[in-house]
Amino acid sequence: MRGMETAVLEKRRHYRHNVLCAVIVAPNGHPHEGFILDLSEGGARVDLTPGWTPSQDMTLRMSFDVPDSDAITLETRVAWVAIDHMGLLFQPDQDAEIERLMEAAGALH
């Protein structure tokens, strides 16, 4: 198992920060509330709303409310789905919004 864990870590391009932040993910305009569990410059791990399971490669819009500022909205793609959470990849050309999200979520020091 140790070799498999190392292989998974080596595939990751970005360091993951553990966070717990409320977020809304919306496929086709149908919002689902959830929580970001960890966050990196490349994507996020988000818990799944009971009764809803997205399909792999589905595109989702992720919205994060920021107090006293405009909400952060990112276009994402479902990279993988587990029993109670999913991995989202941020689509390209959203660097400014990703940086805002990481700062607002406390992932930047």
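The values are calculated or read from the model by the stated rules, or taken from the named source; none is laboratory data. Just so we're clear, the structure is a prediction, and the values are computed from it rather than from any experiment. Heads up, the Cβs are rebuilt from the backbone with ideal geometry, glycines too, and the neighbour counts pull from every protein chain shown. All accessible areas refer to the heavy atoms of the entire protein, side chains included, with ligands and DNA or RNA removed. Shrake-Rupley method; radii C 1.70, N 1.55, O 1.52, S 1.80 Å.
Given the criterion at pLDDT 95 or above and out of contact with any strand residue (DSSP E or B) (no Cβ under 6 Å at 6 or more places or on another chain), identify the matching residue among VAL8, VAL81.
VAL81
Which one is most open to solvent (accessible area, probe 1.4 Å), of the residues in region 42-70 that are assigned to a loop (DSSP other than H, G, I, E, B) and touching an Asp or Glu at 6+ places or on another chain (Cβ under 8 Å)?
First, the residues of region 42-70 that are assigned to a loop (DSSP other than H, G, I, E, B): 42, 48-58, 65-70.
Filter once more, so that each one left must be touching an Asp or Glu at 6+ places or on another chain (Cβ under 8 Å): 48-49.
On the way: LEU48: 20, THR49: 38 Å².
So, considering only residues that are assigned to a loop (DSSP other than H, G, I, E, B) and touching an Asp or Glu at 6+ places or on another chain (Cβ under 8 Å), the one most open to solvent (accessible area, probe 1.4 Å) is THR49.
Restricting to region 86-107, name every residue that is open to solvent by 40 Å² or more (accessible area, probe 1.4 Å) and not basic (Lys, Arg).
Listed by number, the residues that qualify are LEU89, GLN91, PRO92, ASP93, ASP95, ALA96, GLU97, GLU99, GLU103, ALA104, GLY106.
Restricting the search to region 82-95, which residues are farther than 16 Å from PHE35 by Cβ and assigned to a strand (DSSP E or B)? Steps first, please.
The first filter runs over region 82-95 and keeps only residues farther than 16 Å from PHE35 by Cβ, leaving 89-95.
Correct list: LEU89, PHE90.
GLY106 passes all but one of (1) free of Cβ contacts under 8 Å to residues at least 24 places away in the same chain; (2) in a loop (DSSP other than H, G, I, E, B); (3) under 21 Å from ARG16 (Cβ atoms); which number fails?
In the conditions (1) free of Cβ contacts under 8 Å to residues at least 24 places away in the same chain; (2) in a loop (DSSP other than H, G, I, E, B); (3) under 21 Å from ARG16 (Cβ atoms), GLY106 misses (1) alone.
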